[in-house]
Each structure stands twice: as structure tokens, then as C-alpha cells.
1. Given (1) farther than 19 Å from THR253 by Cβ; (2) within 16 Å of the ligand (Cβ to nearest atom); (3) among the polar types (S, T, N, Q), where does GLN333 come up short, assuming only one miss?
2. If you scan the stretch 51-67, which residues turn out to be of a type outside the set (Val, Ile, Thr), in a helix (DSSP H, G or I) and either surrounded by 14 or more Cβ atoms within 10 Å (Cβ to Cβ) or not assigned by TED's automatic domain parsing to the domain that holds TYR83 (or both)?
3. From GLU220, GLU237, GLU264, grab the single residue that is within 15 Å of the ligand (Cβ to nearest atom), of a type outside the set (A, V, I, L, M), outside the structural domain of ALA157 (by TED's automatic domain parsing) and farther than 24 Å from GLN333 by Cβ.
4. Please specify each residue of the stretch 114-150 satisfying the condition of being β-branched (Val, Ile, Thr), touching a residue at least 40 places away in the same chain (Cβ under 8 Å) and assigned to a helix (DSSP H, G or I).
5. For the stretch 222-277, which residues satisfy the criterion of being without any contact (Cβ under 8 Å) to a residue 24 or more places away in the chain and acidic (Asp, Glu)?
6. Checking SER214 against (1) small (Gly, Ala, Ser); (2) touching a helix residue (DSSP H, G or I) at 6+ places or on another chain (Cβ under 9 Å); (3) within 15 Å of the ligand (Cβ to nearest atom): exactly one of these is not met. Which one?
7. Just the residues that are crowded, with 23+ Cβ neighbours inside 10 Å and more than 9 Å from the ligand (Cβ to nearest atom), please, taken from the stretch 240-253.
8. Do any residues in the stretch 80-91 that are closer than 13 Å to SER176 by Cβ have Cβ atoms under 9 Å from those of residues that are buried (at least 16 other Cβ atoms within 10 Å of the Cβ) and of a type in the set (Phe, Trp, Tyr), where the two are at least six apart or on different chains, and which pairs are they?
Amino acid sequence: MISRLRASFSSIVSTEHGHNRLTTTFYATLFAEHPEFRALFPAALDQQAHRLFQALQYVIDNLEDEDRVLGFLGQLGRDHRKYGVEARHYFASGHALLVAVQSSFTQAIWTPSLTAAWTELLDLLLHTMADAADNDDLPAAWGATVVDHERRLDDLAIVRLETDSPIPYGAGQYLSVQIPQRPRMWRYLSAAIPANPYGQLEFHVRRVSGGWVSPAIVNETQVGDRWLLSSPLGGLEVDRDSGQDVLMIGSGTGIAPLRAQVMEMAMRSNNPRVHMFVGGKYPCDLYDIETLWHLSLSNPWLTVVPVSEEDEDPWWHTIPAPEAPPGLHQRLQGQLGRVVARFGSWADRQIQISGSPAMIKTTVYALQGGGTPPELIRHDPLI
Ligand SMILES: Cc1cc2nc3c(=O)[nH]c(=O)nc-3n(C[C@H](O)[C@H](O)[C@H](O)COP(=O)(O)OP(=O)(O)OC[C@H]3O[C@@H](n4cnc5c(N)ncnc54)[C@H](O)[C@@H]3O)c2cc1C
């Protein structure tokens, strides 16, 4: 069944406009059958459609790992409560999803056994999300107040908030965030510090040119703004029982969930060794390297290796890059994944990669090319 589902899904992915056909048919069928559902979704559906497709891709990619798939779907179900989505909405969506998948194939390929396999998968998917939505005691969303907005680079801000009550997230997780400047446009951001009893939270946000939300966070956010945050998601964590040391690879603001984890580890007495490669295009993109160096100086289990593709900052960035403290790794030059792979196969490590979808894909590719077994590699869904 897994191979049938996977083959049929990759045929959708590889068909021209297959991705669009599936999501457009889903929303068209859903809103035709249940017009009242339209109000639950944002006006522009492109982000939503992209996430739906990526979530299906994640499930299909991980079908052998039931715990991972069920955990992911449960988190999505809890997260979707922020839209007002309840269990009944999932059950009512099953038919539209099946129609959408079916419409992506020609009649000849859509066999009864494929119908059965997809019906079973979609059933599992929707029931898991519905159960999680119905059986969670935590609030659907938390309010938080911006207490600091630091423009660390022209296109990157560090935003610190205090939540109305502490959010029980794990170091390495991300949260869905809504800002007052862009109502109903939720975006995922990774927490850059571990959860604490004071509800303090920190996000590192890079402005995506042409984006809706990130430019507003970087350019317009003010101290006192009220944000909404929803249930924590993601499963990046150090497996302390595996006995394996850790390799972390982060690029740009992708360092945030890795930083939160090493900060959390720094509060423990016993830790596995952690090699953390921190990358960016220019030296100035390593915007938080000094915090990581400080952590490394006081925690001998942590080795930080800075990497940049270019050796020099662009001419418009006039602040000189900080020098590595004596005894710590000097910055290496090269494409992050390739630099990491040059050190060997890392086959004895548990590996986490965090960054943009393109960075994650190229790093996975480089590591596998260097002999790293793919089952050792973890990253957040590329949604
Ligand atoms: C698990 C997870 C954790 C994340 N954590 C963080 C974080 O800690 N900090 C952070 O800054 N961002 C983070 N992101 C990305 C963030 O959720 C938004 O996608 C990003 O800020 C862009 O939102 P936007 O509204 O500005 O752009 P949108 O309006 O959503 O998109 C505009 C266009 O930009 C493209 N685009 C979106 N993101 C990128 C990108 N990264 N690079 C290039 N093009 C892009 C889109 O495909 C689209 O074409 C995370 C994403 C995920 C999935």
C-alpha cells in the first residue's frame, strides 16, 4: 500500500500543474459542498494550498514511521483550532480531499485498489487531526505583547515577546504566529529560546522580499503590539537515549530552533557532544554567532563552526564581522552542506538541519552524497 500511495503521489507531483489541480479542486469542492467553511480560511488561499500540499508530501514521505506521521498530524489538528476548525470540519472534508486526489489522475490509473488505499490514508489523516483538535486542553491560541524589536540587520529583526501565560513548547519547536498588521495571515516562526515560566519568547525573523508578513514584522512591528500564537509544532529534539552525539546545521534564522535546544542543554549537567555548523551567504548573515560562541565557551560539549559562502561582506554592510575568540573555530568558506560533508559522513550522529526549504534540500543532498545515512537526518516539514 505504501509504495502504491507513494507512486501515485509522485505522479501528481511530476505532472504539470498537478499540485495546483489537486489543491484547487479540493477547495472548490469543499466550498461548493460547505459554503460556510469559506469564512474559516484567509482571503488568499495560495499559502494555505501550498501548506496542504506540503503536509500531504510530508505524510507520504514518512509513511513507514507511523509515530512521526501521527505526531505531525496531531500537531496540525491542534494548530488548526486557531482558525476555528473543529472535528466536524475534518469529517466533512474527507469527500472533497478524495475528489481532489482522484481528479489528479486519469480514469485509467484511478483503480479500485488505489481508491481504497487513498480512502484509508485520508481517513487516518482526518481522524487523527480531528481527535487532536477535540482532545486538547490547551488554548487554541495565546496572546503575547511585543517587549523588544531589535533590527539586527537591515532585513532581519529579533522580536521578544511576553505571553499572557506561558506556552508549553519544547526547545526546537515552532509556533504559528499572527501579527496585528496582517490579520488572519498566520506564519510559522521557530522559538529561539527555551520555554520559561515568565512566558518570555524570542523570534528571529528575516524579511522575505515580496512577502506579506515577514516585511511587516521586520519593518513595522512596535513595542506594545499584540500578537497571537498557536499550539507548538515540530519535532526537532535531541534524543538523549540514543547515545549518539549530535550534528546541527543551521542557516540564517534557521539557527533559532538549534539555539533554543543548546540553550536548554546548557541548563543540564550531562550532554552529548554537539557540533553546530552555522551558515549564511555573507559573514554578516551569521548575525548571532557571538551568542553561540559564548555558549560554546562555557559548555565544552558544544563546538560551533561558522561558515559563509562569501569571504567578505557586501559593500553596503560596513560593520566588521566579529573575530572568533581564541581557541574557537575560525569561519570556513563554502556552501554550507558541502563544507559539512567535507568533514566525513557523520554516520555516528543524530543530525538536525534547519533553514529555508532550498537550504534543507541542498544540505540533505550534500550529506547523502558524502555517505550520511538518510534515516539519521531530521528537519521540520518544508511547509
Ligand atoms: C517550520 C517553519 C519554521 C519557520 N521559522 C521561521 C523563523 O524562525 N524565522 C523566519 O524568518 N521565518 C521562518 N519560517 C518562514 C516563515 O514561516 C514565512 O514563510 C516567511 O517569513 C515568509 O512569510 P511572508 O508572509 O513574508 O511571505 P509569503 O507572503 O508567505 O510568501 C511570499 C513569497 O515568498 C516566497 N518565500 C516564502 N518564504 C521564503 C523564504 N524563506 N525564502 C525565499 N522565498 C520565500 C513564497 O514562496 C512566496 O512566493 C519558518 C517556516 C517554517 C515552515
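1. With (1) farther than 19 Å from THR253 by Cβ; (2) within 16 Å of the ligand (Cβ to nearest atom); (3) among the polar types (S, T, N, Q) applied to GLN333, the lone miss is (2).
2. Pass one, the stretch 51-67, residues of a type outside the set (Val, Ile, Thr): 51-58, 61-67.
With in a helix (DSSP H, G or I) added as a condition, the list becomes 51-58, 61, 66-67.
Selection gives ARG51, LEU52, PHE53, GLN54, ALA55, LEU56, GLN57, TYR58, ASP61.
3. Details: GLU220 fails: outside the structural domain of ALA157 (by TED's automatic domain parsing); GLU264 fails: within 15 Å of the ligand (Cβ to nearest atom).
Going through GLU220, GLU237, GLU264 in turn, just one is within 15 Å of the ligand (Cβ to nearest atom), of a type outside the set (A, V, I, L, M), outside the structural domain of ALA157 (by TED's automatic domain parsing) and farther than 24 Å from GLN333 by Cβ: GLU237.
4. As a first pass, look at the stretch 114-150 and keep what is β-branched (Val, Ile, Thr): 115, 119, 128, 145-147.
From the residues that got through so far, the ones that are touching a residue at least 40 places away in the same chain (Cβ under 8 Å) too are 128, 145-147.
If the condition is that a residue be β-branched (Val, Ile, Thr), touching a residue at least 40 places away in the same chain (Cβ under 8 Å) and assigned to a helix (DSSP H, G or I), then THR128 is the only one that fits.
5. Across the stretch 222-277, the qualifying residue is only ASP241.
6. Here SER214 meets the rest and fails (2).
7. Across the stretch 240-253, the qualifying residues are VAL246, LEU247, MET248, ILE249, GLY250, SER251.
8. Listed by first residue and then by second, the contacts come to HIS80/TYR90; LYS82/TRP186; TYR83/PHE41; TYR83/TRP186; VAL85/PHE37.
The values are calculated or read from the model by the stated rules, or taken from the named source; none is laboratory data. Please read all numbers here as calculations on a predicted model, not as lab measurements. Ideal geometry is used to build each Cβ from the backbone, glycine not excepted, and the neighbour counts take in all protein chains shown.
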